[in-house]
Amino acid sequence: MIKKIRVEDLEIGMFVEDFNVPWMDHPFMTSKKKIRSAREIDQVRAHDIREVYINTDRGKDSARAVPLDEARAAVAEAFQREVVAAGTGPDPAPDPGPAGAVDPAFEAELVKARAVYDEAKGMVKGLLEDVRLGRSLDGERAVKTVDNMVDSIVRNQDALTSLTRLKSFDDYTFQHSLNVSVLTLALGRHLGILKDELRRLGIGAILHDLGKMRVPEEILNKPGRLTDEEFAVMKTHPLHGAKLLMDTDAVPDDSATVALNHHERFNGRGYPRGLEGMSIGKFGLISAIVDVYDAITSDRVYHRGMESHQALQKIYEWSKTDFYPVYVHKFVQCLGIYPVGSVVELDTGEVGVVCRQNRADLIRPVVRLVRDADGSLLGRPLDVDVSEPDPRGDKPFARTVQRTLDPGEAGFDAEAVLAPASRGKAA
Ligand SMILES: [Fe+2]
């Protein structure tokens with residue numbers, strides 16, 4: 001049986017199933033491991049891992065270990081109470097109009113956002129290649145691209161953000177750079193950061209991993225866990241990145257702090273400098289959350305990405321140690337529990353794509369239905385408000401989101417579903 005245990009209760013002979021930290025942050029070559037020495041327990045503690053999951057069928061048990069289901073339910077309950085039920089607070093976005101209707105600003109922005117996203121994709125790819133090949137950095141092109149992204153996010157946050165859900169993969173580093181910048185801008189805007197500062201934050205975010213181009217490719221793209229020596233080389237990328245940005249005229253100096261501080265952790269256990277708490281700075285605190293969120297929701301050769309709801313809950317769980325909790329709450333409020341673009345299955349059996357957040361109740365978004373309860377494709381997609389009460393009064397709500405589905409497995413193109421032309425009339 002899988003159980004959760006505090007690190008103080010970890011003993012030799014226990015089998016660790018999951019270290020309960022982002023996969024890139026723990027010291028062992030494999031993510032599952034039998035604890036064989038006191039030194040290994042010390043290593044776990046030294047990485048400030050506070051709780052791990054053990055498998056009692058493959059190693060020692062403990063009376064203080066909590067079964068997985070109970071542990072998950074406790075985190076889910078705390079997440080619901082502390083974050084979800086707290087609502088969104090004042091939203092800097094313009095009023096999106098009456099609840100239940102799809103936000104016209106979202107639809108109008110989606111086409112523009114796609115063009116901005118594609119342009120940014122080409123820019124990031126070219127720029128990373130330039131740095132890899134030792135060519136000088138075209139800072140002005142990056143600044144121009146980020147200006148367009150900021151304008152799109154300010155017009156409507158959800159349009160550009162929804163495109164980060166649809167991960168088409170050829171190269172992780174550039175897709176990650178792009179998605180981190182989009183989500184960082186969304187969070188920054190949600191925090192009330194004004195346009196000029198938002199722009200400086202976005203430039204830093206899109207270039208935050210530039211220093212990775214100074215890491216040898218065999219380490220950067222190694223399809224497995226890094227050795228201690230390789231990890232030490234990898235950990236130099238924030239310093240390389242910050243230097244590259246500081247040396248580029250068109251890039252504002254404080255943009256470089258995103259590259260420098262995105263791996264710092266709130267408890268002081270991050271790198272490269274081990275900064276603690278607010279000394280990490282606003283840009284570093286914001287980008288740290290978004291960087292981990294995008295990493296754990298992305299598929300890699302050796303691990304499958306988590307779906308968003310699960311990832312947000314994990315980030316919340318880690319906010320006790322790694323992240324600034326206030327910004328974690330804001331991030332959840334900004335994305336929503338089911339971010340726009342998520343493919344969801346409802347308790348009615350219907351399947352659709354989340355097309356608008358409900359700022360008053362994060363678990364009840366507006367969903368564009370694509371399949372009916374029998375699994376048949378609808379002739380035209382239909383927008384339904386999941387906060388609508390059940391007309392027959394049999395249950396409080398007519399529909400409730402049951403789970404999210406992998407967009408790749410949904411059997412339809414989620415982005416095409418959100419395109420304005422496909423909208424049907426709500427029943
Ligand atoms: Fe990084």
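Please treat every number below as a calculation from the coordinates, not as lab data. Since the structure is predicted, the reported quantities are computational estimates derived from the model, not experimental observations. FYI the Cβ positions are ideal-geometry reconstructions off the backbone, even for glycines, and counts take in every protein chain you see.
Taking amide H atoms as placed 1.01 Å from N in the peptide plane, list the residues 5 or more away in sequence, or in a different chain, whose amide H sits under 5 Å from that of residue 356.
HN-HN under 5 Å from residue 356: 366.
With 18 Å as the cut-off, how large is the P(r) tail for the stretch 189-247, expressed as percent of Cα-Cα pairs?
For the stretch 189-247, the share of Cα pairs beyond 18 Å comes to 47 percent.
Specify the residue with the greatest mean-square fluctuation among 291, 406, 42, computed from a Gaussian network of the chain linking alpha-carbon atoms under 10 Å apart.
In the Gaussian network model the winner is 42.
Over all directions, what mean area does the Cα convex hull of the stretch 304-427 project, stated in square nanometres?
Here the figure is 8.7 nm², rounded to one decimal.
Sort 130-139, 388-397, 306-315 for me by packing, meaning the mean count of neighbouring Cβ atoms within 10 Å per residue, highest on top.
In decreasing order of mean packing, 130-139, 388-397, 306-315 become 306-315, 130-139, 388-397.
Cut-off is 10 Å between beta-carbons; in what order do 400, 248 appear when sorted fewest neighbours first?
400, 248
Only counting other Cβ atoms within 10 Å, I'd like 185, 220 sorted with the fewest neighbours first.
220, 185
With Cβ to Cβ distances under 14 Å as the rule, what net charge do the other residues near residue 394 carry (K, R +1; D, E -1)?
Result for the neighbourhood of residue 394: 0.
Please state, to two decimals, what the Cα-based radius of gyration of the stretch 138-260 comes to when divided by 2.2 N^0.38 Å (N = residues).
Rounded to two decimals, the normalised Rg is 1.10.
How about the stretch 206-244: which GluC sites (Glu not before Pro) there lie in a loop by DSSP and see at most 10 other Cβ atoms within 10 Å?
Answer in residue order: no site qualifies.
Using θ = phi - 60° and the Karplus relation 6.51 cos²θ - 1.76 cosθ + 1.60, list the HN-Hα couplings for the stretch 210-223 in order, rounded to whole Hz, with x at every Gly or Pro.
3, x, 5, 6, 9, 9, x, 4, 5, 7, 4, 9, 5, x
Calculate for the chain the 222 nm mean residue ellipticity that helices alone would give, adding -39,500 (n - 2.57) per DSSP H run of length 4 or more and normalising by residue count, nearest 500 deg cm²/dmol.
On the way: 15 runs with 175 residues, N = 427.
Here the helix-only value at 222 nm equals -12500 deg cm²/dmol.
Is the chain rounded, prolate or oblate when judged by the Cα gyration tensor, a ≥ b ≥ c being the square roots of its eigenvalues, rounded requiring a/c under 1.5 and prolate requiring a/b larger than b/c?
oblate
With 10 angstrom as the radius, rank 49, 2, 206 by how many other C-beta atoms surround their C-beta, starting from the fewest.
2, 49, 206
If a/c stays under 1.5 just call it rounded; otherwise compare a/b with b/c (prolate if a/b is bigger, oblate if not). Do that for the stretch 104-335, with a ≥ b ≥ c from the square roots of the Cα gyration tensor eigenvalues. Present the calculation step by step, with values, prior to reporting the outcome.
On the way: a/c = 1.30, a/b = 1.12, b/c = 1.16.
Verdict is rounded for the stretch 104-335.
Among 272, 306, 175, flag the residue with its Cα farthest along the positive direction of the charge dipole of the stretch 104-335, charges on Cβ as +1 for Lys/Arg and -1 for Asp/Glu.
Positive-end residue among those listed: 306.
Between residue 72 and residue 326, what FRET efficiency follows from the Cβ-Cβ distance if R0 is 30 Å, with the result rounded to 0.05? Could you put the intermediate results ahead of the total?
Working: r = 24 Å, r/R0 = 0.81.
Approximately 0.75, to the nearest 0.05.
At a Förster distance of 35 Å, what's the computed FRET efficiency of residue 394 paired with residue 415, Cβ-Cβ distance as r, to 0.05?
Efficiency at R0 = 35 Å is approximately 0.50.
Using 0.36 nm per residue, how much length does the chain from residue 7 to residue 243 gain when fully extended, once their Cα-Cα distance is taken away? Present the calculation step by step, with values, prior to reporting the outcome.
Details: separation 236, 0.36 × 236 = 84.96 nm, distance 3.76 nm.
Extending this stretch completely gives an extra 81.2 nm.
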